[in-house]
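The values are calculated or read from the model by the stated rules, or taken from the named source; none is laboratory data. None of these values were measured; they are calculated from a predicted model. Please note: Cβ atoms are built from the backbone with ideal geometry, for glycine as well, and neighbour counts cover all protein chains shown. Keep in mind that these areas ignore ligands, DNA and RNA; they rest on the heavy atoms of the full protein, side chains included. Shrake-Rupley method; radii C 1.70, N 1.55, O 1.52, S 1.80 Å.
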Amino acid sequence: VFLSSCEEVIDIDLNSSNPVLVAEGVIDNESPAWIRLSYTSDYFETEQANVEQYATVVISDNAGHSETLDYVSEGLYQGTELIGNYNDQYTITIVKDGFEYEASSSLFPPSEILSVTFEENENLKPGQDESYNIIMSFKDDPLTNNFYLIKFQTSGEVEDDANSYYLVDDSYYENTGEIEYSPMRLNFELGDEVMIELYSVDEETYIYYSQLNDTGGGMMGASSTPYNPESNFGSEVLGYFAAWSMVEYGTVVE
């Protein structure tokens, strides 16, 4: 009775914040640029975030080519003509209500996946089902510092979320022209159909996704002090614009 009499309901007035523009855009070596624009909302807001449908968005390269992206729907703007070209730099510009936001990214040639093998996981706990680790080998240019983002998709159940990604900086590997990589805590079962996507990205994109990992947005994700990754659009915009190339490799665990 004494303890219950000490309880008191405290109302906390949480401040509302002004919506911030969120941009997520990509150009690659096979398709035109696209970008999705929306706005942040308050934590307790139950409605979906508002999208931006009245901006002007232009993509350009360092060779002087440019294109205005068309608005499609639900905040998505899509290009039709300008395709990514290796070793070019791309700049995307967003103009809205007199404000201009700009981000740039360089597109590097894709790597080549040389081999993929699986080995039985020897660190199983008692009662755990048999599982397999993946080991992939891919080419790496020994004359430059290269950065990679890797995604794994499978027909079976994987410990990590399907939207997870893994990051590789080749400066942590011997300069042999080839990288052998095996992601931690990623297990497969016999019969799983596995699709690997290997993205070649620039250093700025690698840093952004590393920060996203720290905040819980990627495959590691366990920051005790959440923060927003630094956008290449500047401090007034969340999100990122990236230029990258990608190769795929499909296999079966057997």
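Quickly run through the stretch 239-254 and pick out the residues that are outside any strand (DSSP E or B) and either within 16 Å of T40 (Cα to Cα) or open to solvent by 20 Å² or more (accessible area, probe 1.4 Å) (or both). Listed by number, the list holds a single entry, E254.
Taken over the stretch 140-155, residues that are among the charged types (D, E, K, R) and either in contact (Cβ under 8 Å) with a residue 40 or more places away in the chain or loosely packed, with under 14 Cβ neighbours inside 10 Å (or both) amount to 1. Give the residues of the stretch 114-130 that are on the phi < 0 side of the Ramachandran plot and either exposed (fewer than 12 other Cβ atoms within 10 Å of the Cβ) or in a loop (DSSP other than H, G, I, E, B) (or both), sorted by residue number. Correct list: E119, E120, N121, E122, N123, L124, K125, P126, Q128, D129, E130. Hey, can you tell me all the residues within the stretch 166-187 that are modelled with pLDDT under 95 and touching an Asp or Glu at 6+ places or on another chain (Cβ under 9 Å)? Of everything in the stretch 166-187, those that are modelled with pLDDT under 95 and touching an Asp or Glu at 6+ places or on another chain (Cβ under 9 Å) turn out to be N175, P183, R185, L186, N187.
Selection of the stretch 72-81 for residues being over 17 Å from D28 (Cα atoms), open to solvent by 80 Å² or more (accessible area, probe 1.4 Å) and either of a type in the set (K, R) or outside any loop (DSSP other than H, G, I, E, B) (or both) yields only V72. Of all residues in the stretch 224-238, which are open to solvent by 40 Å² or more (accessible area, probe 1.4 Å), at pLDDT below 95 and not β-branched (V, I, T)? If the condition is that a residue be open to solvent by 40 Å² or more (accessible area, probe 1.4 Å), at pLDDT below 95 and not β-branched (V, I, T), then S224, P226, Y227, N228, E230, S235, E236 are the ones that fit.
For every residue, the table says whether it meets (1) acidic (D, E); (2) in contact with a Ser or Thr (Cβ under 7 Å, 6 or more places away or on another chain); (3) open to solvent by 70 Å² or more (accessible area, probe 1.4 Å).
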residue: S164; (1), (2), (3): no, no, no
residue: V168; (1), (2), (3): no, no, no
residue: Y172; (1), (2), (3): no, no, yes
residue: G177; (1), (2), (3): no, no, no
residue: E180; (1), (2), (3): yes, yes, yes
residue: F188; (1), (2), (3): no, yes, no
residue: G191; (1), (2), (3): no, no, no
residue: V194; (1), (2), (3): no, yes, no
residue: L198; (1), (2), (3): no, yes, no
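Annotation note: of S106, S111, S38, the sole residue that is hydroxyl-bearing (S, T, Y) and free of Cβ contacts under 8 Å to residues at least 60 places away in the same chain is S38. Regarding the stretch 191-205, can at least one residue be identified that is modelled with pLDDT of 95 or more and in a loop (DSSP other than H, G, I, E, B)? Checked the stretch 191-205: at least one residue is modelled with pLDDT of 95 or more and in a loop (DSSP other than H, G, I, E, B).
Checked against the criterion of being closer than 30 Å to G250 by Cβ and either in contact (Cβ under 8 Å) with a residue 24 or more places away in the chain or basic (K, R) (or both), the candidates Y101, Y132, Y77, Y54 yield just one match: Y132.
Applying the set (1) assigned to a strand (DSSP E or B); (2) at pLDDT 95 or above; (3) surrounded by 14 or more Cβ atoms within 10 Å (Cβ to Cβ); (4) touching a Ser or Thr at 6+ places or on another chain (Cβ under 7 Å) to N133 leaves exactly one unmet item: (2).
Restricting the stretch 95-113 to residues that are of a type in the set (A, V, I, L, M) and either closer than 21 Å to G177 by Cα or not in a strand (DSSP E or B) (or both) leaves a set whose member that is most open to solvent (accessible area, probe 1.4 Å) is I113.
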